[in-house]
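S.K.: Quick one: structure below, then a few questions.
The values are calculated or read from the model by the stated rules, or taken from the named source; none is laboratory data. Bear in mind the structure is a predicted one, so any value in this text is a computation, not a measurement. Positions of Cβ are generated from backbone atoms using ideal geometry, with glycine treated the same way; all protein chains shown enter the neighbour counts.
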Amino acid sequence: MPETPTRSQRSPLVLDHGQAPPLTSEPRRPAHPLLRRKPVEQLVAEGGQGEGGALKRSLTMWQLTTISIGATLGTGIFVVLGEATPIAGPAVFLAFVIAGLTALFSALSYAELAGSIPVSGSSYSYAYATMGELVAWVCGWCLVLEYGVSVAAVAVGWGQYLNELLDGTLGITIPEGFSAPLGEGGYVNLPALVVVLLCMVFLLRGAKESARVNSIMVGVKIVTLVLFCVIGFMGVKAGNYTPLAPLGVTAISTAASMLFFSYIGFDAASTAGEEAKNPKKDLPRAIMLSLGIVTALYCLVALVAVGAMPWQEFEGSEAALAKIMENVTGHAFWSVVLAAGAVVAIASVVFAVLYGQTRILFAMSRDGLMPKAFAKVDPKTGTPRVNTIIVCLFCGILAATIPLGELANATSIGTLFAFGLVNIAVVILRHTRPEMNRTFKVMLFPVTPILGFLCCAYLMTELPGITWAVFGGWMAVGLVLYFFYGMRRSSLATAAAPAPTAEGAAEKK
């Protein structure tokens, strides 16, 4: 009969309420270092701790919700609507519903894991706990691509809307030489650099102060879209809704695939797991609430837009909402108001995505997979100061100098890859740790996460070949960095290395 391990032999990371099985002093190691996993209890125990300080728990459920809304609600409704409507016709609002349901599958998985593993690494940390270090690195590297390049892409869009606002209010525009990068008729995109640097200043002040600024910006863009719905409703004509699907049901599905990328960002709250006051309860609520609010706004704006303007007129119209406001009221003033709202909306996306990027790198650095500088916490502000400066300067220079083109599409494939892994992680954790205390559970398990994974896989196959080529190149660079840097410096690798003995030290002498 096997001996019962004594209390001293049990891991100090085991929870007192006995939900986790005890970890012995000699844990069973995987056959290969690439498969080593970090226990959930260890991830949670290390939460908030960085080099020289700790992150401050100061974010409420509503602030977490606005972080996700801030990262999601922006260019999708202001730009992509004009591209999707000519494809789906008046049924474009149904395409938003389909895209929202597709995002919901992954959102449910994120909500369960965020409540079970409330740390800053988001899907990177979830993969580390379930699928091993190599998969976790790949997932984290995908998130670096998603957040970093999307910040640059959105910042470029912000400069375009700023030019429209300045032209409508002051009658001036920023010269092309200073509003477009090399290769697109200019020298440097100063507006894109400026918005990233402004966001950096606020992020350096602390999580609580940053959340307040983000909440204000989110409030402004929600009010702007509600104002559009109120004014646009006055120009709605029933005849604009018929026929509802002039190009067929397949066209609606095609538009839904395009519009799915308008939902990228709802997972941003999961990157704030170590700064939330009550992460186990508030993170799942924030993720689900933000997705519900964004979906409702998208559908309402789309329904009013196609009712106020024939769907054929959306072709080639990047500022469709501003055009509708001007057509309905007969005054250019309202289109200027909408442009101002778009400037704030897109700035909040830059802000929230930069926040998420710094927290993911913070988690990877703490695990030894990235340089220690990214995990260094300023004791006064409780923020990863060096991390924030490096990330913001890199993204700002990228946005100001490089024409993104097809590279921006790589954010989509990186996001879908990470979403797919999260759905797999839920299934694995349910089977390996069924006794865990979960504050939120995916409904209709395991059907829902399986559907979420299949939806992500399908949308990835719909992306063009050049996007896959960029993604492949990015992954190749990431794997080189991992094998030559991360694998050897991983905290799990150093912890597993045998400590030098007195005899060994004497022999060296």
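S.K.: Give the residue, chosen from L197, L203, L193, that is under 25 Å from S290 (Cα atoms), touching a residue at least 60 places away in the same chain (Cβ under 8 Å) and of a type in the set (A, V, I, L, M, F, W, C). It would help to see each step written out before you state the result.
M.R.: Details: L197 fails: under 25 Å from S290 (Cα atoms); L193 fails: under 25 Å from S290 (Cα atoms).
Result: L203 is the single residue among L197, L203, L193 that is under 25 Å from S290 (Cα atoms), touching a residue at least 60 places away in the same chain (Cβ under 8 Å) and of a type in the set (A, V, I, L, M, F, W, C).
S.K.: Looking only at region 257-277, which residues are in a loop (DSSP other than H, G, I, E, B) and within 10 Å of L64 (Cβ to Cβ)? Walk me through it before giving the result.
M.R.: Quick first cut of region 257-277, residues in a loop (DSSP other than H, G, I, E, B) only: 264-265, 273-275, 277.
If the condition is that a residue be in a loop (DSSP other than H, G, I, E, B) and within 10 Å of L64 (Cβ to Cβ), then G273, E275, K277 are the ones that fit.
S.K.: Can you name the number of the only condition in (1) closer than 30 Å to G185 by Cβ; (2) at pLDDT 85 or above; (3) within 18 Å of the chain's Cα centre (by Cα) that V477 fails?
M.R.: The failed condition is (3).
S.K.: L404: touching a helix residue (DSSP H, G or I) at 6+ places or on another chain (Cβ under 7 Å), modelled with pLDDT of 90 or more and either within 13 Å of S109 (Cβ to Cβ) or surrounded by fewer than 22 Cβ atoms within 10 Å (Cβ to Cβ) (or both), yes or no? Break it down into steps so the answer makes sense when it comes.
M.R.: Numbers: touching a helix residue (DSSP H, G or I) at 6+ places or on another chain (Cβ under 7 Å): yes; modelled with pLDDT of 90 or more: no; either within 13 Å of S109 (Cβ to Cβ) or surrounded by fewer than 22 Cβ atoms within 10 Å (Cβ to Cβ) (or both): yes.
The answer is no for L404.
S.K.: Here's a follow-up. Within region 233-255, how many residues turn out to be of a type in the set (G, A, S) and at pLDDT below 85?
M.R.: First, pick out the residues of region 233-255 that are of a type in the set (G, A, S): 235, 238-239, 245, 248, 251, 253, 255.
Next cut, at pLDDT below 85 only: 253.
Number satisfying all stated conditions: 1.
S.K.: While we're looking at this one, here's another question. In region 320-337, is there at least one residue being modelled with pLDDT of 85 or more, surrounded by fewer than 17 Cβ atoms within 10 Å (Cβ to Cβ), of a type outside the set (A, V, I, L, M, F, W, C) and out of contact with any helix residue (DSSP H, G or I) (no Cβ under 8 Å at 6 or more places or on another chain)?
M.R.: No, every residue in region 320-337 fails to be modelled with pLDDT of 85 or more, surrounded by fewer than 17 Cβ atoms within 10 Å (Cβ to Cβ), of a type outside the set (A, V, I, L, M, F, W, C) and out of contact with any helix residue (DSSP H, G or I) (no Cβ under 8 Å at 6 or more places or on another chain).
S.K.: Is it true that T65 is modelled with pLDDT under 90, among the polar types (S, T, N, Q) and in a helix (DSSP H, G or I)?
M.R.: On the way: modelled with pLDDT under 90: no; among the polar types (S, T, N, Q): yes; in a helix (DSSP H, G or I): yes.
No: the conditions fail for T65.
S.K.: A further question on this structure: Looking only at residues in region 117-143 that are under 19 Å from the mean Cα position of the chain (by Cα) and hydroxyl-bearing (S, T, Y), which one is nearest to A375 (Cα to Cα)? Step through it out loud before you land on a result.
M.R.: In the first step, residues of region 117-143 are kept if they are under 19 Å from the mean Cα position of the chain (by Cα); the result is 117-128, 135-143.
Okay, now just the ones that are also hydroxyl-bearing (S, T, Y), so 120, 122-126, 128.
Values: S120: 11, S122: 16, S123: 18, Y124: 15, S125: 15, Y126: 19, Y128: 17 Å.
Per the criteria, the residue is S120.
S.K.: Next question, about the same structure. May I ask you to verify whether F266 is under 17 Å from the mean Cα position of the chain (by Cα), over 28 Å from N387 (Cα atoms) and modelled with pLDDT under 90? Walk me through it before giving the result.
M.R.: Details: under 17 Å from the mean Cα position of the chain (by Cα): yes; over 28 Å from N387 (Cα atoms): no; modelled with pLDDT under 90: yes.
Taking the combined requirement at face value, the residue does not satisfy it.
S.K.: Checking T381 against (1) at pLDDT below 90; (2) in contact with a helix residue (DSSP H, G or I) (Cβ under 8 Å, 6 or more places away or on another chain); (3) closer than 21 Å to I67 by Cα, which test does it fail?
M.R.: Only one criterion is unmet by T381, namely (2).
S.K.: Within region 222-245, track down each residue that is in contact with a Pro (Cβ under 8 Å, 6 or more places away or on another chain) and assigned to a loop (DSSP other than H, G, I, E, B). Before you say what the answer is, go through the steps one by one.
M.R.: Restricting attention to region 222-245, the residues satisfying the condition of being in contact with a Pro (Cβ under 8 Å, 6 or more places away or on another chain) are 240-245.
Answer for region 222-245, where residues must be in contact with a Pro (Cβ under 8 Å, 6 or more places away or on another chain) and assigned to a loop (DSSP other than H, G, I, E, B): T242, P243, L244, A245.
Here's the yes/no breakdown for (1) crowded, with 24+ Cβ neighbours inside 10 Å; (2) assigned to a helix (DSSP H, G or I):
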| site | (1), (2) |
| --- | --- |
| G121 | yes, no |
| A152 | yes, yes |
| E164 | no, yes |
| I172 | no, no |
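S.K.: While we're on this one: Going by what's in this entry, would Y128 be described as closer than 22 Å to T415 by Cα and in contact with an Asp or Glu (Cβ under 8 Å, 6 or more places away or on another chain)? Walk me through it before giving the result.
M.R.: Working: closer than 22 Å to T415 by Cα: yes; in contact with an Asp or Glu (Cβ under 8 Å, 6 or more places away or on another chain): yes.
The answer is yes for Y128.
S.K.: Say we look at region 355-388 and pick out the residues that are among the charged types (D, E, K, R) and closer than 17 Å to G486 by Cβ; which of these is farthest from the chain's Cα centre (by Cα)? Let's see the steps before the verdict.
M.R.: Step one: of region 355-388, the residues among the charged types (D, E, K, R) are 359, 366-367, 372, 376, 378, 380, 385.
Checking which are closer than 17 Å to G486 by Cβ leaves us with 366-367, 372.
Details: R366: 20, D367: 20, K372: 23 Å.
Per the criteria, the residue is K372.
S.K.: Something else about it: If Y110 passes every condition in (1) within 16 Å of the chain's Cα centre (by Cα); (2) over 23 Å from I346 (Cβ atoms); (3) surrounded by fewer than 24 Cβ atoms within 10 Å (Cβ to Cβ) but one, which one does it miss?
M.R.: Of (1) within 16 Å of the chain's Cα centre (by Cα); (2) over 23 Å from I346 (Cβ atoms); (3) surrounded by fewer than 24 Cβ atoms within 10 Å (Cβ to Cβ), only one is false for Y110: (3).
S.K.: Could you identify the single residue in N387, N327 that is touching a strand residue (DSSP E or B) at 6+ places or on another chain (Cβ under 8 Å), polar (S, T, N, Q) and not in a loop (DSSP other than H, G, I, E, B)? If you could, list the steps in order and put the result at the bottom.
M.R.: Details: N327 fails: touching a strand residue (DSSP E or B) at 6+ places or on another chain (Cβ under 8 Å).
Going through N387, N327 in turn, the sole match is N387.
S.K.: Taking region 174-220 on its own, how many of its residues are of a type in the set (S, T, Y) and assigned to a loop (DSSP other than H, G, I, E, B)?
M.R.: Step one: list which residues in region 174-220 are of a type in the set (S, T, Y), which gives 179, 187, 210, 215.
If we keep only those that are assigned to a loop (DSSP other than H, G, I, E, B) as well, we get 187.
Going through region 174-220 one residue at a time, the tally reaches 1.
S.K.: A follow-up question, please. Can you confirm whether region 221-235 contains a residue that is under 20 Å from L300 (Cβ atoms), surrounded by 14 or more Cβ atoms within 10 Å (Cβ to Cβ), among the polar types (S, T, N, Q) and touching a helix residue (DSSP H, G or I) at 6+ places or on another chain (Cβ under 7 Å)?
M.R.: Initially, region 221-235 is screened for residues under 20 Å from L300 (Cβ atoms), giving 221-235.
From what's left, surrounded by 14 or more Cβ atoms within 10 Å (Cβ to Cβ): 221-222, 224-225, 227-229, 231-233, 235.
Among the residues that remain, those that are also among the polar types (S, T, N, Q) are: 224.
Cutting the leftovers down to touching a helix residue (DSSP H, G or I) at 6+ places or on another chain (Cβ under 7 Å) gives us 224.
Among the residues of region 221-235, at least one is under 20 Å from L300 (Cβ atoms), surrounded by 14 or more Cβ atoms within 10 Å (Cβ to Cβ), among the polar types (S, T, N, Q) and touching a helix residue (DSSP H, G or I) at 6+ places or on another chain (Cβ under 7 Å), which makes the answer yes.
S.K.: Same structure, new question: Does region 459-473 contain at least one residue that is at pLDDT below 85, of a type in the set (A, V, I, L, M) and in contact with a Lys or Arg (Cβ under 7 Å, 6 or more places away or on another chain)?
M.R.: Within region 459-473, none of the residues are at pLDDT below 85, of a type in the set (A, V, I, L, M) and in contact with a Lys or Arg (Cβ under 7 Å, 6 or more places away or on another chain).
Residue-by-condition table, conditions (1) surrounded by 15 or more Cβ atoms within 10 Å (Cβ to Cβ); (2) under 16 Å from T102 (Cα atoms); (3) touching a strand residue (DSSP E or B) at 6+ places or on another chain (Cβ under 7 Å):
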| position | (1), (2), (3) |
| --- | --- |
| N423 | yes, yes, no |
| R430 | yes, no, no |
| P434 | no, no, no |
| F453 | yes, yes, no |
| G473 | no, no, no |
| L492 | yes, no, no |
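S.K.: When you look at V156, is it modelled with pLDDT under 80, of a type outside the set (S, T, N, Q), outside any loop (DSSP other than H, G, I, E, B) and closer than 18 Å to A71 by Cβ, yes or no? Even if it seems obvious, please write down each step before you answer.
M.R.: On the way: modelled with pLDDT under 80: yes; of a type outside the set (S, T, N, Q): yes; outside any loop (DSSP other than H, G, I, E, B): yes; closer than 18 Å to A71 by Cβ: yes.
Taking the combined requirement at face value, the residue satisfies it.
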